[in-house]
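Single-structure report; data block below.
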Amino acid sequence: QGKGGWFARIVAYAPDKDLALLKLTERGALPPATLYTGAVGDGADVHAVGYPGNVDLAQGLDVGDVMSPTSPVKTRGNVSAGRSSKQFETILHNASIGAGNSGGPLLDACGRVIGANSFGALSDGSDSEFYFAVSTREILRFLRAAGITAPATGVPCRTQAELERLENERLADA
């Protein structure tokens, strides 16, 4: 672990789906993220997490700086359901991403992975910007083909208020 980073090697790669599986080459462990396998609703809140290069450039960072771990950039947006790329199943959203976000997670409101950010629709400044994340279904297929079982759940994301309401209803029925 050099300066807080990790060294890894590529175990599997799917260039047609913009996915790669890495394995740490040194002792250490990273907590696994939970993949959400349920339907992602139109308008759902999402957060993109990654390391867009334009942020590094704006900060005046050079290659040496970029090789040291920095805090990820987080952006918020919403899902625009009903669209996918022709190449593979994607999630269309408007949480801003840039070069360097590829492979970073697209998270739901509960912090579960619903996709891996991949690419964006180019805008000439007069159009809305939209972005695509490789769907969890594609990620799970890729991982299974590599012999990996990932933590996953289909339980819907609930707010604390919803959980309390459901618990109160359960207690009232008991």
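The values are calculated or read from the model by the stated rules, or taken from the named source; none is laboratory data. Being a predicted model, the structure only gives us computed values, none of them experimental. Note: ideal-geometry Cβ built from the backbone for every residue, glycine included; neighbour counts use all protein chains shown. Note: areas computed on protein heavy atoms with side chains; ligands, DNA, RNA excluded. Shrake-Rupley method; radii C 1.70, N 1.55, O 1.52, S 1.80 Å.
A few remarks follow.
- Phi angles of the range 89-97 translate, via the Karplus equation with coefficients 6.51, -1.76, 1.60 and θ = phi - 60°, into HN-Hα couplings of 5, 10, 10, 8, 8, 10, 7, 4, 9 Hz per residue; Gly and Pro are given as x.
- Projected label distance in nm at GLN160 and ALA20, using a 7 Å step from Cα toward the beta-carbon: 4.0
- Residue order for ASP108, ASP18, ASP173 - accessible surface, 1.4 angstrom probe, largest first: ASP173, ASP18, ASP108
- Cα shape, the range 86-160, gyration tensor, a/c 1.5 rule: oblate
- Computed from phi, the 3J(HN,Hα) profile of the range 166-174 under the Karplus parametrisation 6.51, -1.76, 1.60 (θ = phi - 60°) reads 5, 5, 5, 5, 5, 5, 5, 7, 6 Hz, with x in place of Gly and Pro.
- Residues whose placed amide H lies under 5 Å from that of PHE119, excluding near-sequence neighbours: PHE132
- Full extension of the chain between ALA121 and THR153 yields a length gain of 8.5 nm, computed as 0.36 nm times the residue separation minus the alpha carbon distance.
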